[in-house]
Amino acid sequence: MNLDDLDREVRDSLHAHAQEAPDGSGTLDAVRARSRRLRVRHRAGMAGIAAAVAVAVAVGTPYVLTAARHTGHALNPAAQGATTTTPTITATSPPAATSAPVPDRASRVALGAPAFTPVAFPMNPTFTPAGLPKPTEGKTVGQVRLVYSSANSNKFLMASVNDTTVPVDPSGATHKSTTVNGHPATIYTGSIDGQSGGVLIEWKLHGKWVAVQAHGLTSSQVKQYANGLVERPHTPGALTFKLTLAPHGYQVAFQEFDQESTGTETVFLLSAPDQLGDQGTDDAVGLVIRPSLETEAAGTPITVGGYPAKINEDAGQVTVYVLRPNFVYAVHEPVNGPLSNADLIRVAAAVSPTS
């Protein structure tokens, strides 16, 4: 399943959940605002939004990965200059009679201390409208973004730097020419993606398209934010997890911290450096953190890091679910992925909460 397939699945789920209120919202306006924000983020290519609307794509099916054929050679950890740890990996009860064996493979990449570059939005805001929550960084193919969003606010803003124009439908909005820091720009106000009350400013900068899209804010506030973006990287916020072991040399291919639901839900993907632009690569390992995984987990019982866990193969993915209290997560890869089952379990054991 690639991002286009996910796009359709998420759209269906968003429509189905559009009238469901997030915890603590309390008003129909807040529900509609949340639905509007989700649509904006979804259209921007944020595949990780599946986690926020309980679409079990990120672990049950490959949300950016496919199980295409791949051949490779196992790497020698010593040759890579990497060290590995041996966390607790204990098989518990025998698999049920109906459990299918989980396919295995030899690792073709060594494990070591993570050395990936944190996702940083390439521009830094010097003005932020009042009432917006603290932003989070996100990344997908062809886009890096800074997202201000929460379940308890009707205000939403997303700044993005893109390889192409932003994939939105402004046909229901009025538009006019303007400038952002001296660069020609277009500002749209009105119905954007079929949702009223939207504002979008887009301009070209150094061969990239920069966009600021918002709801619940005035056009003057959005333009002031756009004019306040300076060309230096934003300091990344902290991750929602700690990771002490990762495939050697792998970098962030996808990142999304969703704050639209109760708590923060995370979708995170590491990929081989030469595969970051390939949505269908097998050379990737993903992490999903969300409470609902506890009820979704299926497979052969094991113990990971002292916590109950399960390992499962389904829809072209091998997934290790770790049922840690108050921190339920899953680590997954394609069936032709870069790690053996044992090494995938070691990565799972190397994940922990930040506090």
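Just so it is clear, none of the values below were taken in a lab; they were calculated from the coordinates. Predicted, not measured: the structure shown is a model, and the values here were computed from it. Neighbour counts are summed over all protein chains in view; Cβ atoms, including those assigned to glycine, are modelled from backbone coordinates with ideal geometry.
Values for this structure:
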{"item": "Compactness of the range 173-270 as Cα Rg over 2.2 N^0.38 Å, two decimals", "result": "1.38"}
{"item": "Stretchable slack from Ser171 to Asp274, in nm (0.36 nm times residue separation minus alpha-carbon distance)", "result": "33.3 nm"}
{"item": "Local electrostatic count at Gly207 - Lys and Arg +1, Asp and Glu -1, tallied over other residues with Cβ under 15 Å", "result": "-1"}
{"item": "Subset of Lys139/Lys208; Lys139/Lys310; Lys139/Lys176; Lys134/Lys155; Lys134/Lys208 violating a 21 Å alpha-carbon distance limit", "result": "Lys139/Lys310; Lys139/Lys176; Lys134/Lys208"}
{"item": "Exposure proxy ranking, count of Cβ atoms within 10 Å, fewest first, for Arg232, Arg290", "result": "Arg232, Arg290"}
